[in-house]
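S.K.: A single structure is presented below for examination.
The values are calculated or read from the model by the stated rules, or taken from the named source; none is laboratory data. Model, not experiment: these values are computed from the prediction. Note that each Cβ is placed from the backbone with ideal geometry, even for glycine, and that neighbours are counted across all protein chains shown. Surface areas here come from the heavy atoms of the whole protein model, side chains and all, with no ligands, DNA or RNA. Shrake-Rupley method; radii C 1.70, N 1.55, O 1.52, S 1.80 Å.
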Amino acid sequence: MRIVALVSGSGSNLQAVIDAVEAGELDIEIAAVGADRHGTYGIERSAAAGIDTFVVNFRDYADRHEWDDALRDQVATYEPDIVLSSGFMRIVDERFIKKFEGRYINTHPALLPSFPGAHGVRDALAYGVKVTGATVMVADAGVDTGPILAQAPVQVLADDTEATLHERIKVEERRLLIDTLAKLGT
Ligand code: GRF
């Protein structure tokens with residue numbers, strides 16, 4: 001199974017996938033890692049692991065659909081079975097989704113459908129829930145609205161900050177992500 005991963009940030013979840021592949025625990029090929037901007041650590045660490053990288057810089061495009069099309073075409077050149085949004089902080093349009101229908105996988109640091117959007121950890125903490133968690137889903141053109149593939153709960157502790165809670169959620173996200181990729185690859 002060939003995957004292309006998309007990152008916007010540090011790519012620590014992606015690193016867990018890279019490590020699992022390198023350790024022989026996950027039988028997939030990471031064909032390439034792409035980003036929507038220059039200077040991400042996700043791209044840096046992927047290049048360090050010897051993976052092909054590319055940037056389709058959002059700011060280089062006048063119109064977001066032009067960017068979407070350029071991203072879709074770049075991803076498609078790798079002929080991936082799965083496209084993984086790994087901390088990719090942009091919503092892609094219908095044309096991108098259609099091209100990779102049912103094969104665009106995302107993770108979210110909350111128990112969807114609760115707390116969708118860019119601040120799932122902060123919003124859960126602010127609401128005062130006692131349990132939140134991690135979700136892996138098939139992405140569609142909405143904001144965290146696609147079919148759910150796997151979820152894991154995480155307890156919210158009394159002294160949690162957004163950072164401490166997010167770190168514990170990411171432990172579950174990484175586990176779920178690797179499990180899900182393994183299942184999709186069989
Ligand atoms: C993850 O919690 C992901 O669900 C969210 O951003 C975080 C990505 O972290 N969208 P990293 O870039 O893998 O460290």
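S.K.: Among the numbered conditions (1) β-branched (Val, Ile, Thr); (2) out of contact with any Phe, Trp or Tyr (no Cβ under 9 Å at 6 or more places or on another chain); (3) open to solvent by less than 50 Å² (accessible area, probe 1.4 Å), tell me where Val138 comes up short.
M.R.: Tallying (1) β-branched (Val, Ile, Thr); (2) out of contact with any Phe, Trp or Tyr (no Cβ under 9 Å at 6 or more places or on another chain); (3) open to solvent by less than 50 Å² (accessible area, probe 1.4 Å), Val138 fails exactly one: (2).
S.K.: Turning to a different aspect of this structure: Of the conditions (1) within 23 Å of Glu167 (Cα to Cα); (2) modelled with pLDDT of 95 or more; (3) open to solvent by less than 40 Å² (accessible area, probe 1.4 Å), Ala32 clears all except one; give me its number.
M.R.: For Ala32, the exception is condition (1).
S.K.: Of everything in the range 147-171, what is under 24 Å from Arg2 (Cα atoms) and either surrounded by 20 or more Cβ atoms within 10 Å (Cβ to Cβ) or of a type in the set (S, T, N, Q) (or both)? Give them in sequence order.
M.R.: Gln151, Lys170
S.K.: Those residues that are within 16 Å of the ligand (Cβ to nearest atom), surrounded by fewer than 19 Cβ atoms within 10 Å (Cβ to Cβ) and assigned to a loop (DSSP other than H, G, I, E, B), I need them from the range 1-26; list them, please.
M.R.: Once the filter is applied, which keeps residues that are within 16 Å of the ligand (Cβ to nearest atom), surrounded by fewer than 19 Cβ atoms within 10 Å (Cβ to Cβ) and assigned to a loop (DSSP other than H, G, I, E, B), the range 1-26 yields Ser8, Gly9, Ser10.
S.K.: Testing Arg37 on (1) basic (Lys, Arg); (2) assigned to a helix (DSSP H, G or I); (3) within 13 Å of Phe88 (Cβ to Cβ), one condition comes back false. Which one is that?
M.R.: Result: Arg37 fails condition (2) only.
S.K.: Right, something else. Could you give me the residue pairs with C-beta distances under 9 Å whose first residue belongs to the range 5-24 and is without any contact (Cβ under 8 Å) to a residue 60 or more places away in the chain and in the same structural domain as Arg45 (by TED's automatic domain parsing), whose second residue is more than 9 Å from the ligand (Cβ to nearest atom) and assigned to a helix (DSSP H, G or I) wherever it lies, and which are 6+ apart or on separate chains?
M.R.: Pairs that qualify, where the first residue is without any contact (Cβ under 8 Å) to a residue 60 or more places away in the chain and in the same structural domain as Arg45 (by TED's automatic domain parsing) and the partner is more than 9 Å from the ligand (Cβ to nearest atom) and assigned to a helix (DSSP H, G or I), are Gln15/Arg45; Gln15/Ser46; Ile18/Arg45; Ile18/Ser46.
S.K.: Given the conditions (1) of a type in the set (Val, Ile, Thr); (2) touching a Lys or Arg at 6+ places or on another chain (Cβ under 9 Å); (3) farther than 19 Å from Ala182 by Cβ; (4) open to solvent by 20 Å² or more (accessible area, probe 1.4 Å), and given that Val75 satisfies all but one, which numbered condition is not satisfied?
M.R.: (4)
S.K.: If you don't mind, another one. Pick from Thr180, Thr132: which is of a type in the set (Val, Ile, Thr), touching a residue at least 24 places away in the same chain (Cβ under 8 Å) and surrounded by fewer than 20 Cβ atoms within 10 Å (Cβ to Cβ)?
M.R.: Details: Thr132 fails: surrounded by fewer than 20 Cβ atoms within 10 Å (Cβ to Cβ).
Criteria check complete, one pass: Thr180.
S.K.: Consider the range 143-181. How many of its residues are aliphatic (A, V, I, L, M) and within 14 Å of Leu14 (Cα to Cα)?
M.R.: So in the range 143-181, the residues aliphatic (A, V, I, L, M) come out as 143, 148-150, 152, 154, 156-158, 163, 165, 169, 171, 176-178, 181.
Okay, now just the ones that are also within 14 Å of Leu14 (Cα to Cα), so 171, 176-178, 181.
Counting residues in the range 143-181 that are aliphatic (A, V, I, L, M) and within 14 Å of Leu14 (Cα to Cα) gives 5.
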